[in-house]
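This report refers to the structure that appears directly beneath it.
Quick note: the coordinates plus some simple rules give every number you see, no bench work behind them. Note that the coordinates shown come from a computational prediction; the quantities given were computed from them, not determined experimentally. Positions of Cβ are backbone-derived with ideal geometry, glycine not excepted, and every protein chain shown enters the neighbour counts.
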Amino acid sequence: MCVVPINDTQCIHFHVFWHADRKMNEEPLRSNMLKHVGLDDEALRNFNLTYDTVDAANLPSRRNH
């Protein structure tokens, strides 16, 4: 992991995964990597960041404050 400052209050996070023998975008390694960085389906759904939750009227969003 690498954290790079872009100004006094923000930074960019780079997560680099590598394995000598296994392809990274295949299961189960792919799911494990996404869960490790908080981008698994459950986490995305909790923050309304999936295609089916992003515009749900009953969930918090910028539109309904």
Worksheet item: Which value in deg cm²/dmol, rounded to the nearest 500, describes the helix-derived mean residue ellipticity at 222 nm for the chain, given -39,500 (n - 2.57) per DSSP H run of n ≥ 4 and division by the residue count?
Response: -5500 deg cm²/dmol
Worksheet, complete the sentence: Sequence order, the stretch 12-23: Karplus ³J(HN,Hα) from phi using 6.51 cos²θ - 1.76 cosθ + 1.60, θ = phi - 60°, Hz rounded, Gly and Pro as x, gives 10, 9, 10, 10, 10, 10, 8, 9, 5, 10, 10, 6
Worksheet item: Along the Cα-to-C-beta direction of Met1, a point sits 7 Å from the Cα; which residues of the stretch 24-65 have their amide N less than 16 Å from that point?
Response: 32-40
